[in-house]
Amino acid sequence: MEPIRFRPPLYEQRYEFVKSYVDTHRPKKVADLGCSECSLLHRLKFRDCIEELVGVDIDKDVLKRKGYILTPLAIHYLEPLERSLTVTLYHGSVSEKDPALLGFHLITCIELIEHLETDVLEKFQDVLFGFMAPNSVVISTPNVEFNVLLSKKTSFRHPDHKFEWNRKEFQSWAMSIAREYNYMVEFTGVGEAKSEIKDVGFCSQIGIFSKNYAESEESINNKRNYKSVYKKVLHVVYPSIQQEKYLRKVVLNIALSHANRIKTNFIHNLFPEDEEKTNMADHEKEPCVVSRWLSTLPTSAESEEGKGKPPFLEGDAIHVPLETLFAIPKVKKLCGSLDVLRNMMNGEITLSNDGSAVVYPLHVDDDLDSDISSLISAC
Ligand code: SAM
């Protein structure tokens, strides 16, 4: 028989399963036990509901070697996240209790349990369901019934496996845990055999556990007093607009690029293309720059850049009203009030004396200088 090949690869199907579970249930705090090369964490870090992501593995070297894939890139500083996101990796054993793993909405254990010796597995189940007690747990493990379709010469799929269970073994283990720790469990899997193959189940069998009760504050607080045993290998905080400095940066980027465009359009209206002017016959030229300028000053209460007051000239400077910038929906959403926008702009750009507008000095060619000066004095 042809050895079976999965497309997408089986590991990718397991990650996809978790990703779609996350998208459906939208947990904020997620931990992956036995995270190994952090591949699942890497795929989860941009699910937009997750604010805290934690990985635990007993292999410190793999965490040190691969943890970098979870660190922010330059683009993340240029485009900070809307939500907050911290990522932490711990070196430690899943058979040990550490308060860092309390209060999680989802904990995943993908192809972990079959690597645990019987005594470690027993401690692990109590640590996971009794101590960590997350709202839900996803556990995947090989289904040994499927092995007949794999081209393996050894009895186990991996030399480090301590056991491989058939469906009945996995399900009776999972159901007895669910009973003991007051969880509900459902079974599914990924990696299907062709339809003509007799019923062997999924290649990776999966148990999804959901907690049936809400833990009391007192019980959680008691657990918080446990001594920390996990060692932090990586802790990164992603740039996010939840942090004042990044919020300010995002608001300034949007508002000032908008203000700059308003200013540029305003100048264009005042001085349409110079070459138009040079190509014109003398009699076609307008008599004076000043009259053209006056005729192009915006009169509408709505600027072309959106709702709000139009830009205007005062002294030798263009003023772009803050109200116009506050009318940009994203700026309004991020700032909430005009005063907040004003405070963010203060010190970053010149504001008018009363703080109601961004002020740009009018820089023009030398030959227009005198026209402008006379216009200014005429105004
Ligand atoms: N979950 C990973 C994935 O899906 O890409 C792969 C897991 S790998 C097959 C099993 C991992 O479990 C290894 O990285 C191993 O170091 C880790 N492991 C084994 N015993 C452990 C223990 N007692 N505590 C924490 N991690 C353990």
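The values are calculated or read from the model by the stated rules, or taken from the named source; none is laboratory data. In this text, all values refer to a predicted model and were calculated from it rather than measured experimentally. When we count neighbours, we look across all protein chains shown, and the Cβ atoms used for this are built from the backbone with ideal geometry, even at glycine.
Summary of values
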quantity: Region 321-337, residues that are within 19 Å of VAL250 (Cβ to Cβ) and crowded, with 17+ Cβ neighbours inside 10 Å; calculated: LEU322, THR324, LEU325, PHE326, ALA327, ILE328, VAL331, LEU334, CYS335
quantity: Scope region 121-147; condition in a helix (DSSP H, G or I) and more than 12 Å from GLY201 (Cα to Cα); matching residues; calculated: LEU121, GLU122, LYS123, PHE124, GLN125, ASP126, VAL127, LEU128, PHE129, GLY130, PHE131, MET132
quantity: Failed condition for LEU78, given (1) crowded, with 17+ Cβ neighbours inside 10 Å; (2) away from the ligand (no atom under 16 Å from the Cβ); calculated: (1)
quantity: Any hit, region 38-47, residues being at pLDDT below 95 and in the same structural domain as VAL190 (by TED's automatic domain parsing); calculated: yes
quantity: Long-range neighbours under 6 Å by Cβ, at least six apart or interchain, first residue farther than 20 Å from VAL120 by Cβ within region 92-109, second at pLDDT 95 or above and buried (at least 21 other Cβ atoms within 10 Å of the Cβ); calculated: PHE104/ALA31; PHE104/PRO134; HIS105/PRO27; LEU106/PRO27; LEU106/VAL30
quantity: Members of region 306-321 that are hydrophobic (A, V, I, L, M, F, W, C) and touching a strand residue (DSSP E or B) at 6+ places or on another chain (Cβ under 6 Å); calculated: PHE312, ALA317, ILE318, VAL320
quantity: Residue that is nearest to the ligand (Cβ to nearest atom) [pool: residues in region 89-103 that are surrounded by fewer than 21 Cβ atoms within 10 Å (Cβ to Cβ) and under 26 Å from the mean Cα position of the chain (by Cα)]; calculated: HIS91
quantity: Hey, GLU111 at pLDDT 95 or above, surrounded by fewer than 16 Cβ atoms within 10 Å (Cβ to Cβ) and within 16 Å of the ligand (Cβ to nearest atom) or not; calculated: no
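Residues are listed down the side, and each one gets a yes or a no for (1) free of Cβ contacts under 8 Å to residues at least 24 places away in the same chain; (2) part of a loop (DSSP other than H, G, I, E, B); (3) within 10 Å of the ligand (Cβ to nearest atom):
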{"residue": "THR24", "(1), (2), (3)": "yes, no, no"}
{"residue": "SER36", "(1), (2), (3)": "no, yes, yes"}
{"residue": "ILE50", "(1), (2), (3)": "no, yes, no"}
{"residue": "VAL54", "(1), (2), (3)": "no, no, no"}
{"residue": "ASP61", "(1), (2), (3)": "yes, no, yes"}
{"residue": "LYS64", "(1), (2), (3)": "no, no, no"}
{"residue": "PRO72", "(1), (2), (3)": "no, yes, no"}
{"residue": "SER84", "(1), (2), (3)": "no, yes, no"}
{"residue": "VAL87", "(1), (2), (3)": "no, no, no"}
